[in-house]
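What follows draws every value from the coordinates through simple rules; no lab data is involved. All values derive from a computational prediction rather than experimental measurement. Methodologically, a virtual Cβ is constructed for each residue, glycine included, from the backbone with ideal geometry; neighbour enumeration extends over all protein chains shown.
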Amino acid sequence: MTNIKTLRNKADKLMQIAIKNQYPNCWVCHKPTNCGHHFFTKKSSNVLRYEMLNIIPLCRNCHCLIHNQPFLIEPKITFKMGEEWYKKLLEIKQHVIKANRDWYEGWIKYYENYKPDIDI
């Protein structure tokens, strides 16, 4: 039986692949996307961990910058996405989930079958 840590790592990896496929360019500088950054951190909200609305495609430089000087990047993202996006994230963030085996397996299945939406 696969342990939770292995399931979480697989779900994380699949989500990163999905974000790079859907958004090939960084939302800040338009260089190639290196990773999906969690606007609300994984630590602050487990329910938003795999929620695509919470994942921001960034290049390596912008990702480093957002962790070191978020005040330079976060306003650009918030402006691009708008107030309704931010409110929706806050609404989702209020939910509580149990990150158990079934939850991770559900996200793995979701991202294994993920079809990109139209770029926003």
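Which loop trypsin sites (Lys or Arg not before Pro) in the range 49-101, with loop taken from DSSP, have no more than 14 other Cβ atoms within 10 angstrom of their Cβ?
The qualifying sites are Lys98.
Taking Cα atoms, how many degrees apart are the long axis of helix 4-22 and the longest axis of the chain, rounded to 10 and kept between 0 and 90?
Between helix and principal axis, roughly 40 degrees.
Between the range 1-61 and the range 71-105, what's the alpha-carbon centroid distance in Å?
12 Å
Quick one: which residues, 5+ away or cross-chain, put their amide H under 5 Å from the amide H of Asn25? H built at 1.01 Å from N.
Amide H neighbours of Asn25: Thr33.
Please get the size of the charge dipole for the chain, origin at its Cα centre, with Cβ charges of +1 on Lys and Arg and -1 on Asp and Glu, quoted in debye to the nearest 20.
For this selection, approximately 420 debye.
Report, by chain and number, residues whose modeled amide H sits under 5 Å from the one on Ile56, excluding near sequence neighbours (fewer than 5 apart, same chain).
Placed amide hydrogens put His37, His38, Phe39 under 5 Å from Ile56.
May I ask you to compute the full-extension gain from Lys80 to Asn61, defined as 0.36 nm times their residue separation minus their alpha-carbon distance, rounded to one decimal in nm?
Between Lys80 and Asn61, full extension yields 5.0 nm more.
Got a sec? Which residues in the range 4-33 would a label at Ile97 touch, if it sits 7 Å along Cα→Cβ and we count backbone N under 18 Å?
Only 4-19 pass the distance filter.
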